[in-house]
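The values are calculated or read from the model by the stated rules, or taken from the named source; none is laboratory data. Because the structure is predicted, anything quoted here is derived from the model rather than measured. A quick note on method: Cβ atoms are made from the backbone with ideal geometry, for glycine too, and the neighbour counts reach across all protein chains shown. Surface areas here come from the heavy atoms of the whole protein model, side chains and all, with no ligands, DNA or RNA. Shrake-Rupley method; radii C 1.70, N 1.55, O 1.52, S 1.80 Å.
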Amino acid sequence: MVAHAGVRNRPIGVFDSGVGGMTVLHELLVALPHEDFLYLGDTARFPYGDRTREELQAFCAEIGEELVARGAKLLVIACNSATAAALSDLQERFASAGIDVIGVVTPESQAAVVATHTGRVGLLATPATVGSAAYERAIASADAHVRLTSVACPDLAPIIQNGFPFDEQVMATVRGYCRPLAEAQVDTVILGCTHYPLVRPMLQRMLGPRVTLIAPGAAVARRVECALEARGLSSDRATEGDYRFLCTGDPEVFRAIGTRFMQMPLTSVEQVELLPAGSRSADLVAGES
Ligand code: DGL
């Protein structure tokens, strides 16, 4: 079934705690040039990496409802911590409206088991993601013989998001995160936080040139494309789509760091106040055909 143009040309909602999800948005913009995107960075509540599962589930429900109320036809959780805590929750919440929710953990895990030759895979991620054991489960279901070594990196996303100078102390901290992976002799490392691809060269240098780094963007973009096609929801435009930004913190700070990471202009950045989940279900616009 193909939905009418009004629905097909609605935006894809993408969100993260901050600017890390732009590493996923980059791939989406390349793979789906005719789609519109609405990106939300929950910068007022950054970082997500030390939040509890319950907090992250509540944040994701609020953000999902905001994006859907603004017309999103599909949601991408471009944040590993949020995916690990709330993917199934959000999928259930929007299933009856016919809105697919796509996360980053499964696509990355599947890519990692395909990439490894030794069966030894490493994971760098936030404490919330490592503590959830979501990657252990996803890797085990993709290939039960692959061994995962996980390292929680409490400081790395804040270092990237806040643009800390990459001084010797930061380098020593990041080297400390990489050390257990070298000791475990992994040949593949999952960048299990969407902020980390922004410092890919530094991580590749520390881990060594023979280690394959896995980031979720391309695999997520493929899934989004398939999901839209399956529901007849791909944009029917021949022209380039647009992309807009929402953030919960200071929009000028978001614009400044976002422009650096997007390497494209952030023309529209709007500050948004999120409402408690469930407080405006009548406004949900999706599901119309
Ligand atoms: N980009 C995020 C993730 O993928 C969040 C980092 C954070 O907010 O701590 O986990």
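From the Cα gyration tensor of the chain, with a ≥ b ≥ c the square roots of its eigenvalues, which class applies: rounded if a/c is under 1.5, or else prolate if a/b is larger than b/c, or else oblate?
Prolate, because a/c is 1.5 or more and a/b exceeds b/c.
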Percent relative contact order of region 163-286, based on C-alpha pairs within less than 8 angstrom and at least six residues apart? 18
Can you sort 117, 34 by solvent-accessible area, 1.4 Å probe, largest first? 117, 34
Please list 264, 22, 202 from largest to smallest accessible area, probe radius 1.4 Å, with all protein chains kept in place. 264, 202, 22
Relative contact order for the chain: what percent, with Cα pairs under 8 Å and sequence separation of 6 or more? 31
I want the local charge near residue 116. Using Cβ-Cβ distances under 10 Å, sum +1 for each Lys or Arg and -1 for each Asp or Glu among the other residues. 0
Expected 222 nm ellipticity per residue - DSSP helices of 4 or more, -39500 (n - 2.57), all of the chain, to 500: -13500 deg cm²/dmol
Report, by chain and number, residues whose modeled amide H sits under 5 Å from the one on residue 34, excluding near sequence neighbours (fewer than 5 apart, same chain). 241
Keeping all protein chains in place, calculate the accessible area per residue for the chain (probe 1.4 angstrom), answer in Å². 43
With all protein chains present, the chain has a carbon and sulfur share of its accessible area (1.4 Å probe) in percent of 51
Quick one: longest stretch of the chain between exposed loop GluC sites (Glu not before Pro), exposed meaning at most 11 other C-beta atoms within 10 Å and loop per DSSP? 1-239
Please compute the contact order of region 1-111 in relative form: average sequence separation of alpha-carbon pairs under 8 Å and at least six residues apart, divided by the residue count, as a percent. 31
